[in-house]
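The values are calculated or read from the model by the stated rules, or taken from the named source; none is laboratory data. From a predicted model like this one, the values you see are computed outputs, not experimental measurements. Every residue, glycine among them, receives a Cβ derived from its backbone with ideal geometry; neighbour counts consider all protein chains shown.
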Amino acid sequence: MKRIFQLFTLAVVATAMLGVVGCNNAQTKSSKPVYMWVDCEANFARMSSQDSIAFYVDKMKAIGITDIVVDVKSIMGETLYDSKYAPYMAEFEGTVRPREYDMMRHFIDEGHRAGMRVHGSLNIFAGGHIFFNRGIIFNEHPEWQSIVYRPDGSLVPISEIKSNYNGMLNPSNPEVREYQKNILVEFATRYPDADGIIFDRLRYDNITSDFSDLSRQQFEEWSGIKLEKYPEDIIYWEDGKMKHSKYFKEWVEWRATIIKSFVEEAHAAIHEANPNILIGDYTGAWYPTYYQLGVNWASTQYNPAERYPEWASENYYKTGYADLLDIYMTGLYYTLVTKDEVDAAQGRVVGQRTESGMDPNDLTYCYSVEGGAELAQAITCGVVPVAGSLYVDQYEQDKEQFGRAVAQVMKSCEGGLMIFDLVHIVNRDWWDVLEQNIKTE
C-alpha cells in the first residue's frame, strides 16, 4: 500500500515538473496531496443532494485540492449510508435524508469524475453526542460506554458528564471491537472503488477512562499485577491535581496495546475484504501528552522511553502503529505557526487549546505548526507520509495567519496538508487564501 502512495506522489511531482518546464509562471499547483475533510454533522444539510456535492467537488478541484475525506460515521455512532450494523443518520438539525440517499457514493462518483481521490472517514470508538443525548450509548448499547474516574473518586458513565460533548466507548470491550471491525469491513466492501479509509477517534476519551470492571480484569490478566486499590493504584488526586500512582506506566502501556491490536486486526480484516484500499489515521500532533488517549502513533523504530521516562515504559515503543498506515494525518492544531513565534509568545496567551490530551500551557516548539510537523516526522521515522492538519476555526478571523499556517504545512510535511473542515472555508469564504498558499514556487 505504501508503494501505491509513493507512486501516486511521484506521478504528481512529475506532472508538476512537466507543467513548469519552459514556462515563466511563478506558481504551479502543489506537488503534494491536499486533503479537504467534510464533517458529516457540520455539512449535513449542504451535502444532502448530488448537485451540491458536484458543485463543491468542482470548487475544491479548481483551487488545487487533490483528496476528499468524507465523514461517513459520526461521533454518535450513526452511519451516513444504510448499514447492516449501525443506525442510519437520517436527520440532523432539521434536515432529513431518505435511507436510500448515499452521500459517499455521490462523492466517489463526482470526485473520480474530477480526477480526485476520495476517502471515507469513520469515527471508531465514539458512540454519542452528549449535548444532544443522541447516539448508540443512549439507545442501542449503553453498556458499551466508557466509565470515567472523577476527581471526587466516583466512577460514572461518560453519558452523565454533560461538560464533555464526546461520548466515547470502551476500546477494550470485545463486543465493541467486533462491532467496529464489522462496520469497517462493510465500508470496504460496499465501496470497492473508495481510495481509502481514515480512522478517527481511534482512542480512549482521556486518561480518566476507561475504569470499568472489565478494564481492571483485562489489565490484571495482561500485566500479572493484582490491583489492591482501583483506580488509586493507577492515578489519584491530591489538592485537585491528578497524580501518577505505582502502576501508572504499566497502565499506559496496556491501553496502547489495546489500540494497536485493534489497528492490526482492522488492517487485516479491511485488506481481506478490499486489498487495494489505503488505510489512514488522524490523531493530534501533541505526542508528549497523547499517551493520555491510549494512542502511540509513532513508529516502532522510535523509543519514547528515552525522552519521556515519566510515562513511557521500557516496552512502550512496541505499541507504535505508524508502520501499519498508508496515510497519517497529524493535527497541527495551533495558532502559532513557526518556532520563532513560540519564542516570542513566552508568557502570552497562545490561542485555543481545547482538544483532548493537549497541555494548555506548554510553549515548547512542538506546539507550533513548524515544530509539531518536525516532531511528527521524526517519531514516525519515515514509515508513512505525514500530512499536517489545520483546524481552520482556531484562526477565527485571522486570514493572514491561516495563510501562513497553510504555507508552513506545505513546506514542512512531505505527506501534504489536511484542512478541517470544509464548512469553515465556506463560511469564511477563504478559498482564495487557501489556493494561494497551497501552491508551490
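Data table
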{"item": "Selection within the range 162-207 - within 22 Å of Asp359 (Cβ to Cβ), in contact with a Lys or Arg (Cβ under 8 Å, 6 or more places away or on another chain) and among the aliphatic types (A, V, I, L, M)", "result": "Met168"}
{"item": "Criterion violated by Glu250 - all others in (1) in contact (Cβ under 8 Å) with a residue 60 or more places away in the chain; (2) over 24 Å from Val369 (Cα atoms); (3) under 20 Å from the mean Cα position of the chain (by Cα) satisfied", "result": "(3)"}
{"item": "Selected residue (criterion: surrounded by the most Cβ atoms within 10 Å (Cβ to Cβ)) from residues of the range 302-330 that are among the acidic types (Asp, Glu) and closer than 29 Å to Phe420 by Cβ", "result": "Asp326"}
{"item": "Helices (runs of 4 or more DSSP H) wholly inside the range 335-441 that include at least 3 residues being modelled with pLDDT of 95 or more", "result": "369-380, 399-412, 422-428, 431-438"}
{"item": "Matching residues in the range 125-176 - criterion: being surrounded by fewer than 16 Cβ atoms within 10 Å (Cβ to Cβ), more than 19 Å from the chain's Cα centre (by Cα) and aromatic (Phe, Trp, Tyr)", "result": "Phe131, Phe132"}
{"item": "Count - residues of the range 151-183 that are at pLDDT below 95 and within 30 Å of Gly115 (Cβ to Cβ)", "result": "0"}
{"item": "Residue within the range 200-209 that is surrounded by 19 or more Cβ atoms within 10 Å (Cβ to Cβ) and touching an Asp or Glu at 6+ places or on another chain (Cβ under 7 Å) present", "result": "yes"}
{"item": "Only one of Ser245, Ser261 that is under 18 Å from the mean Cα position of the chain (by Cα), surrounded by fewer than 19 Cβ atoms within 10 Å (Cβ to Cβ) and free of Cβ contacts under 8 Å to residues at least 40 places away in the same chain", "result": "Ser261"}
{"item": "Selection from the range 264-292 of residues that are part of a helix (DSSP H, G or I), farther than 11 Å from Leu324 by Cα and under 17 Å from the mean Cα position of the chain (by Cα)", "result": "Tyr287, Pro288, Thr289, Tyr290, Tyr291, Gln292"}
{"item": "Meets criteria (of a type in the set (A, V, I, L, M), closer than 29 Å to Val406 by Cβ and out of contact with any Pro (no Cβ under 8 Å at 6 or more places or on another chain)) for Val96", "result": "no"}
{"item": "Among the residues listed as Ile234, Ile258, Ile197, Ile207, the single one being among the β-branched types (Val, Ile, Thr) and under 30 Å from Arg105 (Cα atoms)", "result": "Ile197"}
{"item": "Qualifying residues in the range 121-163 (those that are in a loop (DSSP other than H, G, I, E, B) and of a type in the set (Ser, Thr, Tyr)) - the one farthest from Tyr236 (Cα to Cα)", "result": "Ser163"}
{"item": "Cross-chain or 6+ apart pairs with Cβ under 8 Å, the range 304-320 first and free of Cβ contacts under 8 Å to residues at least 60 places away in the same chain and more than 19 Å from Arg203 (Cα to Cα), then of a type in the set (A, V, I, L, M, F, W, C) and assigned to a helix (DSSP H, G or I)", "result": "Glu314/Ala305"}
{"item": "Any hit, the range 35-42, residues being closer than 21 Å to Ala405 by Cβ, in a loop (DSSP other than H, G, I, E, B), modelled with pLDDT of 95 or more and under 24 Å from the mean Cα position of the chain (by Cα)", "result": "yes"}
{"item": "Candidates Lys249, Lys243, Lys260, Lys229 - the one that is closer than 17 Å to Gly357 by Cα and out of contact with any Asp or Glu (no Cβ under 9 Å at 6 or more places or on another chain)", "result": "Lys243"}
